[in-house]
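Worksheet: one structure, shown below.
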Amino acid sequence: MDVADLPELPRRLAAAEPGWNETTDVLVVGSGVAGLTAALHLREQGLHVTVVTKVNIDDGSTRWAQGGIAAVLDPLDTPAAHANDTEIAGVGLCDPEAVRVLVEEGPARVRELIRLGASFDRNSDGSLMLTREGGHRADRIIHAGGDATGAEVQRALHEAVHRDPWIRLVEHALVLDLLRAPDGRACGITLHVLGEGSEDGVGAILARAVVLATGGMGQIYASTTNPSVSTGDGVALALRAGAVVTDVEFVQFHPTSFVTSTVNSVQRPLISEALRGEGAHLVDETGKRFMVGQHELAELAPRDVVAKGIHRVLRATGADHVYLDARHLGREFLEQRFPTIVASTRAAGVDPATELIPVAPAAHYASGGVRTDLQGRTSIPGLYACGEVACTGVHGANRLASNSLLEGLVFAKRIADDIARELPPQAEPAPDTAGPGWVVPPDVRAELQRSMTRGAGVLRSADSLDATAKELARLAEQRDTPRNAAWEATNLLTVATVLVAAARTRRETRGCHWREDFPVAEDEWRGHLLHTLDRARLHQSFEEMA
Ligand SMILES: Cc1cc2nc3c(=O)[nH]c(=O)nc-3n(C[C@H](O)[C@H](O)[C@H](O)COP(=O)(O)OP(=O)(O)OC[C@H]3O[C@@H](n4cnc5c(N)ncnc54)[C@H](O)[C@@H]3O)c2cc1C
């Protein structure tokens, strides 16, 4: 089916012709857990790797991850139990084979990360400290520095990459579009480097395979836990190149991001659910625990249930936050168990030991993305995707806590193995037949974020989605000159448009997709919405689960 009343989307971004080019064996776009893990495994295969990243090497979601990495490391736990918990969270849409790969290969990948130098919290006897998070029925979450797991993972991978002279790192470079050979195979990318010398400006890097590891798309909303680089570039690039994108309607909203006027950014600090796990309560402005009676687990109900409960209070009161009360946990305990959270709230003038913490839901994780098979291959030969940009099938309609860092580790390795098995010679890009590209102005970003939050956020309905679709169509009519902020705004508009198309079509509530007008999960919707961009029109199809 064609999604007819949506705006046309560009098949390529307006940009100058590449003024320079270079070649590498494998090009990796992105330097979070997925990209850096892929680069290191590709080097084990003796390949020359170039990693291109938008800002600095550490600027992605990975370093912000708090809770930990889920893996079966306790002899009393089993991969089958981890798979079962993952599939329950995914509400019937997980690919069982992908889940099996994740839970069976995860422990080995975590041990490799430890050998590489990542240091996780340990018990006094030296064993790894394992905790539990929402949705897990066993203790299988490893963490570092209490609530600073991502920072440690990023540090270890960053240092390993810097130790290898055969990994070329290009920072401050925005990847724009995919280059394809006459036979359709991916053979490189175009990019805009903000650097000194001959590479400054638009260039091309030719490669025998391309790995997308560009992370999430949280910046399509007005508040998100994701950093400013999470603009869905990889999904937008893949769509423009003709790849299949799926499950984008399933955006996980974290119920408790820290609302503070001192953080002048769309990115909001996360207040981990572990704080509720330790006994903190959600209260409204009158001090009432509004989750009690809504779900048997009250504040510890699944993330989407709590996000919805908070959203309803906000809608009823017109406030922009509710409160988390952690005062009874005590200063010493809070400082020791949650050093990152305590530091970020205190920096904004809120002491959780003596004050209520203002919180509200924020976009947190994209369960969908560029569709891949079990080797990380997309529908375009030579183009791979891993990490949050990819939809491997492990998350289904909702991601189980702490499964995403694991997914990055597991599928990055599979991609490296697959690339090493059959790497064709370098091909020349075919002449561009996509027609003229265009970009929208940078200020589309803020308008789009507000519109998506109003109409396609935690709670959705046909009316709210229709209104957002209209606003996106209006924003898409604008044109601007190519530059980084305009390229990013165009990517945001592209992924937002696809998300709204999917959310309108899926007339049911499942996982983290909540339709107020269709409040239950329907058997007929047990399947995936697939999207491709064809002649600037979005094409949508439905694939039933086997
Ligand atoms: C606050 C927070 C807490 C979280 N806690 C946990 C947790 O406890 N456990 C867990 O498993 N998961 C957690 N997650 C999710 C997890 O951190 C992410 O899903 C994961 O880190 C994504 O890794 P990635 O490598 O795919 O992407 P990222 O780490 O986001 O890296 C993406 C990279 O791509 C680059 N990039 C993007 N676009 C371009 C472009 N056009 N050109 C060049 N480079 C580009 C970026 O600059 C960046 O380097 C959390 C996420 C957040 C935001």
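Scanning the range 231-258 for residues that are within 9 Å of the ligand (Cβ to nearest atom) and part of a loop (DSSP other than H, G, I, E, B), which turns out nearest to ASN398 (Cα to Cα)?
GLY232
Tell me, which residue of the range 215-230 that is polar (S, T, N, Q) and more than 7 Å from the ligand (Cβ to nearest atom) is nearest to ARG371 (Cα to Cα)?
Among those residues, the one meeting the criterion is GLN219.
State yes or no: is ALA301 touching a strand residue (DSSP E or B) at 6+ places or on another chain (Cβ under 6 Å), buried (at least 18 other Cβ atoms within 10 Å of the Cβ) and in contact (Cβ under 8 Å) with a residue 60 or more places away in the chain?
Spelling it out, it is not the case that ALA301 is touching a strand residue (DSSP E or B) at 6+ places or on another chain (Cβ under 6 Å), buried (at least 18 other Cβ atoms within 10 Å of the Cβ) and in contact (Cβ under 8 Å) with a residue 60 or more places away in the chain.
Could you list all residues from the range 204-225 that are assigned to a strand (DSSP E or B) and either crowded, with 24+ Cβ neighbours inside 10 Å or without any contact (Cβ under 8 Å) to a residue 24 or more places away in the chain (or both)?
ILE205, ALA207, ALA209, VAL210, VAL211, LEU212, THR224
For the range 305-327, give me each residue that is assigned to a helix (DSSP H, G or I), of a type outside the set (A, V, I, L, M, F, W, C) and at pLDDT below 95.
LYS308, GLY309, HIS311, ARG312, ARG315, THR317, listed by residue number.
Got a sec? Which of PHE338, PHE333 is aromatic (Phe, Trp, Tyr) and closer than 18 Å to TRP64 by Cβ?
Within the list PHE338, PHE333, the selection yields PHE338.
In this structure, is ILE341 in contact with a Ser or Thr (Cβ under 8 Å, 6 or more places away or on another chain) and modelled with pLDDT under 95?
Criteria met by ILE341.
Give me the residue from the range 339-372 that is touching a residue at least 12 places away in the same chain (Cβ under 8 Å) and of a type in the set (D, E, K, R) and, out of that set, nearest to PRO424 (Cα to Cα).
Top of the filtered list is ARG371.
Per-residue answers, yes or no, for (1) more than 23 Å from the chain's Cα centre (by Cα); (2) within 14 Å of the ligand (Cβ to nearest atom); (3) under 25 Å from ALA238 (Cβ atoms):
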position	(1), (2), (3)
ARG132	no, yes, no
HIS136	no, yes, no
ARG140	no, yes, no
LEU157	no, yes, yes
PRO165	yes, no, no
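Looking at (1) among the charged types (D, E, K, R); (2) assigned to a loop (DSSP other than H, G, I, E, B); (3) modelled with pLDDT of 95 or more, which is the one condition that is false for ARG63?
(2)
Would you check which residues across the range 415-460 are small (Gly, Ala, Ser), assigned to a loop (DSSP other than H, G, I, E, B) and more than 30 Å from LYS308 (Cα to Cα) and list them?
ALA427, ALA430, ALA434, GLY435, GLY437
Out of the range 230-254, which residues are surrounded by 24 or more Cβ atoms within 10 Å (Cβ to Cβ) and either free of Cβ contacts under 8 Å to residues at least 60 places away in the same chain or of a type in the set (Gly, Ala, Ser) (or both)?
Residues satisfying the conditions are SER230, GLY232, GLY234, ALA236, ALA238, ALA241, ALA243.
Within the set of pairs 6+ apart or on separate chains, which have a first residue in the range 381-394 that is on the phi > 0 side of the Ramachandran plot, a second that is outside any helix (DSSP H, G or I) and more than 13 Å from the ligand (Cβ to nearest atom), and C-beta atoms under 7 Å apart?
Once the first residue is on the phi > 0 side of the Ramachandran plot and sits in the range 381-394, its partners that are outside any helix (DSSP H, G or I) and more than 13 Å from the ligand (Cβ to nearest atom) give GLY382/ARG185; GLY382/ALA186; GLY382/CYS187; GLY382/ALA209; GLY393/CYS94; GLY393/ASP95.
Among VAL72, VAL110, VAL52, which is the only one that is surrounded by 15 or more Cβ atoms within 10 Å (Cβ to Cβ) and more than 12 Å from the ligand (Cβ to nearest atom)?
VAL72
Among the residues of the range 344-358, are any within 13 Å of the ligand (Cβ to nearest atom) and either of a type in the set (Phe, Trp, Tyr) or in contact with a Cys (Cβ under 9 Å, 6 or more places away or on another chain) (or both)?
Scanning the range 344-358 turns up no residue that is within 13 Å of the ligand (Cβ to nearest atom) and either of a type in the set (Phe, Trp, Tyr) or in contact with a Cys (Cβ under 9 Å, 6 or more places away or on another chain) (or both).
Could you look through the range 172-191, keep only residues that are of a type in the set (D, E, K, R) and over 22 Å from THR490 (Cβ atoms), and pick out the one that is nearest to the ligand (Cβ to nearest atom)?
Looking at the filtered set, the residue picked out is ARG185.
Quick test for you: out of SER228, SER265, SER261, pick the one residue that is part of a loop (DSSP other than H, G, I, E, B) and more than 18 Å from PRO361 (Cβ to Cβ).
SER228
Just checking, which of ILE415, ILE380 is hydrophobic (A, V, I, L, M, F, W, C), at pLDDT 95 or above and over 26 Å from ALA502 (Cα atoms)?
ILE415
Looking at the structure I just gave you, is ALA118 buried (at least 18 other Cβ atoms within 10 Å of the Cβ) and more than 15 Å from the ligand (Cβ to nearest atom)?
no
Filter the range 360-392 down to residues that are part of a loop (DSSP other than H, G, I, E, B) and crowded, with 24+ Cβ neighbours inside 10 Å and give me whichever is nearest to the ligand (Cβ to nearest atom).
CYS386
Scan LEU27, LEU36, LEU42 and give me the residue that is within 13 Å of the ligand (Cβ to nearest atom), assigned to a helix (DSSP H, G or I), in contact (Cβ under 8 Å) with a residue 24 or more places away in the chain and not acidic (Asp, Glu).
LEU36
Restricting to the range 469-495, what's the tally of residues that are under 26 Å from LEU400 (Cβ atoms) and either more than 16 Å from the ligand (Cβ to nearest atom) or among the basic types (Lys, Arg) (or both)?
0
The values are calculated or read from the model by the stated rules, or taken from the named source; none is laboratory data. What you see is a predicted model; the values in this text were computed from it and never measured. Note that we place each Cβ from the backbone using ideal geometry, even for glycine, and neighbour counts take in every protein chain shown.
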